[in-house]
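Chemist: My structure is below; once you've seen it, I'll send some questions.
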Protein chains: 2
Amino acid sequence: MSTNLEARSTAFRAYVKKLSSYNQAIAVLHWDKATQAPRKGMEARSEVIGTLAGEQFKLATSKEMEEFLETLSEPAALEALDEVTRHTVLECKKEYDRNKQIPAATYQEYVVLTSQAETIWEEAREKDDFSLFQPYLEKIVDFQLAFIDYWGHDGKNKYNTLLDLYEPGMTVDQLDPIFTTLREKTVKLVAAIAESPNKPDTSSLKRHFPVAEQEAFSRFVLERIGYDFQAGRMDRSAHPFCTSFNPGDVRITTRYDANEFNTALFGSIHEAGHAMYEQNINPRLLFTPLCDGTSMGIHESQSRFWENMIGRSLPFWNGLYSDLQKAFPAQFDGVSVDGFYRAINEVTPSFIRIEADELTYNLHIMIRYEIEKGLINGTLKVADLPTIWNERMQEYLGVTPPTNALGVLQDIHWSGGSFGYFPTYSLGNVYAAQFAHVMEQQISGYHDLIAKGDFAPIREWLKTNIHQYGKMKSPQELVQAITGEGTNATYLMDYLEKKFSAIYQL
Amino acid sequence: MSTNLEARSTAFRAYVKKLSSYNQAIAVLHWDKATQAPRKGMEARSEVIGTLAGEQFKLATSKEMEEFLETLSEPAALEALDEVTRHTVLECKKEYDRNKQIPAATYQEYVVLTSQAETIWEEAREKDDFSLFQPYLEKIVDFQLAFIDYWGHDGKNKYNTLLDLYEPGMTVDQLDPIFTTLREKTVKLVAAIAESPNKPDTSSLKRHFPVAEQEAFSRFVLERIGYDFQAGRMDRSAHPFCTSFNPGDVRITTRYDANEFNTALFGSIHEAGHAMYEQNINPRLLFTPLCDGTSMGIHESQSRFWENMIGRSLPFWNGLYSDLQKAFPAQFDGVSVDGFYRAINEVTPSFIRIEADELTYNLHIMIRYEIEKGLINGTLKVADLPTIWNERMQEYLGVTPPTNALGVLQDIHWSGGSFGYFPTYSLGNVYAAQFAHVMEQQISGYHDLIAKGDFAPIREWLKTNIHQYGKMKSPQELVQAITGEGTNATYLMDYLEKKFSAIYQL
């Protein structure tokens, strides 16, 4: 490497480190606001976050950044750089181009619009009045189309440009067949389950569970599966989330319902799944944009794997049920481990996505995916959404939401302009099943280890094959390297059919 | 005001707001590091704090700041500005000049030195070996002298320049007579107490106090005195502190000793005294450097007033003792309120400043004050410190530390270059007594209110006369306006003599 290039590369890494420091600081300020900050300090806090975010944006789109990227992204330079710096350049360039391609005034207008839209969405949901939200959503869709024009698209499907924001490389051509299989098979399975006379008894899950005891049990389970409390912490917040400042400080939050068992425990395991990904990223990626999950879908594969494929599995509870009964003797008195396992896996078509069970969850995603594609490709109008929504709910899940608040208005995503995000939730399930299938083959005694509570080999496998890379490998590269094939929903459907056929004795 | 000046003033306020946002963010990162952050994330966190502090320093010393200050600190401009902006300009200018007068290379060298010195000081204290620390302390003193040369001094006493860093306007000429009176009278009083046969029984304070119950009782007391938990929170840390992000978010920390009652409760009240100052600063000062206590001495007057003059007073416990006995029935069984009051006010000459009682505390400060003056004015050498220290301890307190660890090496301040800071601790006591004297006259039924637990009139008085101003008034202006005179130790000595004569029946 030439001396000049080396100097530029070093200066670039220092610049990126500064940028990353801003991101980490802003994340701490957000976490503190959501979990710790007193009410009266919120307003000033928001202003501080806004100011630092503005400074961060300036750094990411500065003339200095432009000059770094011009020099370092030349093919000869890229080739000469070490791999971390090379990937960092490419990641920064992607971000820089995205930011620069949109005129500042347009983006400013969009920020104001989505900020207003979130408030209006809340009101519309509260009043169950879609017409309030409709004009905002129409404008937001128009902005998405404008952004696609600025960013360009692959000529096949405009929606691909949005998918790429959350799942780099993912396309409608790949997703359509995957999701069609998933949807058709799931609809059949849900119908069969509805007709099964062998319903689980879920009454034990709706008893009184003191919050402090739930928290203690969640901690116990998280320690068992290997979330590192020396590199994180668990707090309470209105909406559960995971936030990573650096691999040595990845925090999760949980919410508790004293009259419902599933929310806190499975929510904690879900967030711990996200967190263990971030905790195990190679430390050499610290202070670069690569120190993050490679995509929303791969991230979700980790949370779903731990929440459902481990946390809602029979071997897991075979190993843990006596601890659960010790923690909540009255609540689970007379409930067998099998009865408990069936209860936490109850399948019930319902209106609200975030409360959906493991099986019907994907059908909620299918509806949003189809609507998003339709809006972006012009085959659907915003005004049609309530009707389409309810028709699809009836078609896929066999239920029709009685209100738009329980239907098309339930999720915040669109009000914030997040189009292309929803599919990653189901992709996470698809990936998780593919990975679990390989783990079963590669980790000897896989199910026994789960029953014994020995998760070290599984964690090691995930770290080696997925976590350590951060954004150094694309989602496709990971899936291909691990499974020897592309994204494939067959494994998820096989897993779901096997699991739920047994539970419902189909 | 000219349009141009108005534009400059507005731009300056925006610039200062950004600077303040950095300060607030850094304070949050520090608080989180001290109270919440997991062990493995500490190293990266320190780097993030360092980076943001560097950016903050750049903003405070930038060409842009220089230009603002040049324009806005011209006499005609200053006169035309509103009072908040005027004081902000003066405050920023003071800071800017201090930073700019020291050559960057010199300051960098100093930062490295003090960073090393803190580590060496820890080691020296651990090994009880002053000679390890001596060369570092000598260099640190040389730097203080160099700084005084850069900053200039008033021609009367070089030490005044350092005093001004922590207590703007305070001088040796003012302090010497105040501290001499205080010292001479205190030494006499301590000697008389030593000879008194009427010693309090402190055994009840050394029983077992479960930490959770101590915490609950501290919260109860803090709510009673009026620390606003909607604008703050109380956490645990190794060293108690108070940190203000904005008046709506002023947090305190406490440490607990399960086998000692005083530490946590009086520590909490002390920090809450600091915090109530910050919580009651006028919100119009938010996002300016004026949104802070006006000096270390005035700040300490607030913590000491609540800790000692309220928290260790008989009326206070007359009102609260039944609650205390309810919280700790076994521990205070058979202890009368008078016995408890005498116990928490026990006077014992001891080696460690931070563990000293209300009376002997000031003697610890006198020793440090005299040593600092001697070092800065060249009448004392660093090598002489262990000897001088022990001689003065014997002379003032009647005890000689058996080791330097329990003597000259006990405090961290000098290793970090904090010279001129110690006197503000005793000044806080002096101010507090002056303020309390005026309150007794101006607040009707002052002692009854304390006994009733009705602290609203006292808080209101403090807010009106002190808190609201932040840095808008200098310490001298505050003291003069409130008391009609200057700093005067008579009130403190009268208070101490009256209080301890009664307790020890002198």
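Chemist: Counting only other residues whose beta carbon sits under 14 Å from that of A:Trp461, what net charge do I get with K and R as +1, D and E as -1?
Modeler: -1
Chemist: How big is D, in µm² s⁻¹, for the stretch A:80-136 by Stokes-Einstein at 20 °C and 1.002 mPa s if Rh is the Kirkwood radius over C-alpha pairs?
Modeler: In µm²/s, the coefficient is 151.
Chemist: Can you work out the FRET efficiency for the pair B:Ile412 and B:Ala258, with r the C-beta to C-beta distance and R0 = 30 Å, to the nearest 0.05? Mind showing how you got there, number by number?
Modeler: Numbers: r = 25 Å, r/R0 = 0.84.
Once rounded, the FRET efficiency stands at 0.75.
Chemist: Let me ask another. Could you please state, rounded to a whole Å, how far the C-alpha centre of the stretch A:151-184 is from the C-alpha centre of the stretch B:102-155?
Modeler: The distance from the Cα centre of the stretch A:151-184 to that of the stretch B:102-155 comes to 62 Å.
Chemist: A further question follows. Would you kindly find the accessible area of B:His30, with a 1.4 Å probe and non-protein molecules such as ligands, DNA and RNA excluded, rounding to the nearest 10 Å²?
Modeler: Ignoring ligands and nucleic acids, B:His30 comes out at about 100 Å².
Chemist: Now for a different question. Only bridges with both residues in the protein assembly as shown count here: give the DSSP antiparallel percent, nearest 5.
Modeler: Around 55 percent of the beta bridges assigned by DSSP in the protein assembly as shown are antiparallel ones.
Chemist: Further, regarding this structure: Tell me the chymotrypsin sites (Phe, Trp or Tyr not before Pro) within the stretch A:250-351 that lie in a loop according to DSSP and have at most 15 other beta-carbon atoms within 10 Å.
Modeler: Taking the stretch A:250-351 and a limit of 15 other Cβ atoms within 10 Å, no loop chymotrypsin sites (Phe, Trp or Tyr not before Pro) are found.
Chemist: Using r as the Cβ-Cβ distance of B:Thr490 and B:Glu395, and R0 as 35 Å, what FRET efficiency do you calculate, to the nearest 0.05?
Modeler: 0.90
Chemist: Just to check, using Stokes-Einstein with a Kirkwood Rh over alpha carbon pairs, what's the diffusion coefficient of the protein assembly as shown at 37 °C and 0.692 mPa s in µm²/s?
Modeler: The diffusion coefficient I find is 101 µm²/s.
Chemist: Choose one of B:Ala80, B:Met42, B:Phe68: the residue whose Cα lies farthest towards the positive end of the charge dipole of the stretch B:3-101 (beta-carbon charges +1 Lys, Arg; -1 Asp, Glu; about the Cα centre).
Modeler: Towards the positive end, the residue furthest out is B:Met42.
Chemist: Can you check what the net charge comes to around B:His299, using other residues whose Cβ is under 13 Å from the Cβ of B:His299 (Lys, Arg +1; Asp, Glu -1)?
Modeler: Computed value for this residue: -4.
Chemist: On a C-alpha basis, how far is the centre of the stretch A:199-213 from the centre of the stretch B:249-309 in Å? Whole number, if you could?
Modeler: Cα centres, the stretch A:199-213 to the stretch B:249-309: 45 Å.
Chemist: What's the longest bit of chain A with no exposed trypsin sites (Lys or Arg not before Pro), using DSSP loop states and at most 14 other Cβ atoms within 10 Å as the test?
Modeler: Longest run free of exposed loop sites: A:1-155.
Chemist: Roughly how big is the B-A contact, given as buried accessible area in Å² (both sides, 1.4 Å probe, nearest 100)?
Modeler: Result for this pair: about 2900 Å² buried.
Chemist: Sticking with this one: Gain in length, B:Thr181 to B:Ala14, computed as 0.36 nm per residue apart minus the alpha-carbon separation, to one decimal in nm?
Modeler: 55.4 nm
Chemist: Which value, in debye to the nearest 20, describes the size of the charge dipole of the protein assembly as shown about its Cα centre when Lys and Arg Cβ atoms bear +1, Asp and Glu Cβ atoms bear -1, and nothing else is charged?
Modeler: 620
Chemist: Here's a follow-up. With the cut-off at 21 Å, report for the stretch B:297-359 the share of all Cα pairs above it, as a whole percent.
Modeler: Details: 658 of 1953 pairs.
Result for the distance tail: 34 percent.
Chemist: Using the Cα centre as the reference, give the magnitude of the dipole from point charges on the C-beta atoms of the stretch A:3-101 (Lys, Arg: +1; Asp, Glu: -1; all else neutral), rounded to the nearest 20 debye.
Modeler: Charge dipole of the stretch A:3-101: 540 debye, to the nearest 20.
Chemist: Moving on to the next point. Taking the C-alpha atoms of the stretch B:33-100, how large are the radius of gyration and the largest Cα-Cα span, Dmax, in Å?
Modeler: In order Rg, Dmax, the Cα atoms of the stretch B:33-100 give 17.2, 54 Å.
Chemist: Across the residues of A:283-293, average count of Cβ atoms on other protein chains within 10 Å?
Modeler: Whole-number average of other-chain Cβ neighbours for A:283-293 is 1.
Chemist: Based on Cβ point charges of +1 for Lys and Arg and -1 for Asp and Glu, what charge dipole magnitude is obtained for chain B about its Cα centre, in debye rounded to the nearest 20? Mind dumping the intermediate values first?
Modeler: Details: 49 positive and 68 negative charges, 138 e Å.
Computed charge dipole of chain B: roughly 660 debye.
Chemist: If I model a spin label at B:Gln116 and A:Glu109 as a point 7 Å from the Cα along the Cα→Cβ vector, what separation in nanometres do I get?
Modeler: That separation, rounded to one decimal, is 6.0 nm.
Chemist: At 1.4 Å probe size, with every protein chain present, just tell me what the per residue accessible area of chain B comes to in Å².
Modeler: 40
Chemist: In addition: Give, in nm to one decimal, the length gained when the segment between B:Glu6 and B:Glu70 is fully stretched (0.36 nm per residue of separation minus the Cα-Cα distance).
Modeler: Stretched fully, the B:Glu6-B:Glu70 segment lengthens by 21.6 nm.
Chemist: Find which of B:Gly470, B:Cys92, A:Met366 sits farthest along the positive direction of the dipole of the protein assembly as shown, computed with +1 on the beta-carbon of Lys and Arg, -1 on that of Asp and Glu, about the Cα centre.
Modeler: Result: A:Met366.
Chemist: Under 37 °C and 0.692 mPa s, how fast does the stretch A:74-212 diffuse according to Stokes-Einstein, given a Kirkwood radius computed over C-alpha pairs? Answer in µm²/s, whole number.
Modeler: 162
Chemist: Let me ask something else. For the protein assembly as shown, with the dipole built from +1 on Lys and Arg beta-carbon atoms and -1 on Asp and Glu ones, taken about the Cα centre, which of B:Met309, B:Ser415, B:Pro240 lies farthest toward the positive end?
Modeler: Going by the Cα projections, it comes out as B:Met309.
Chemist: Determine the share of the stretch A:3-101's accessible area contributed by carbon and sulfur atoms, expressed in whole percent, with a 1.4 angstrom probe. Don't skip to the end; give the middle numbers.
Modeler: Working: 2280 of 4560 Å².
Carbon-and-sulfur percentage of accessible area, whole number: 50.
Chemist: Would you mind checking the radius of gyration and Dmax of chain B based on alpha-carbon positions, in Å?
Modeler: 23.3, 75
Chemist: How many partner chain Cβ atoms sit within 10 Å of a residue's Cβ in peptide B:46-52, on average, as a whole number?
Modeler: 6
Chemist: Ranked from the most accessible area to the least, with a 1.4 Å probe and all protein chains present, what is the order of A:His364, B:His274?
Modeler: Accessible-area ranking of A:His364, B:His274, largest first: B:His274, A:His364.
Chemist: Right, something else. Can you give me the % of accessible surface on the stretch A:319-411 that is carbon or sulfur? Probe 1.4 Å, all protein chains present, nothing else counted. Walk me through the intermediate numbers first.
Modeler: Working: 1740 of 3440 Å².
Taking all protein chains in place, the stretch A:319-411 shows 51 percent carbon and sulfur surface.
The values are calculated or read from the model by the stated rules, or taken from the named source; none is laboratory data. This structure is a prediction, so every number in the text was calculated from the model and none was measured. Every residue, glycine as well, gets a Cβ built from its backbone with ideal geometry; the counts of neighbours run over all protein chains shown. Just the protein is used for accessible areas: all its heavy atoms, side chains included, with ligands, DNA and RNA removed. Shrake-Rupley method; radii C 1.70, N 1.55, O 1.52, S 1.80 Å.
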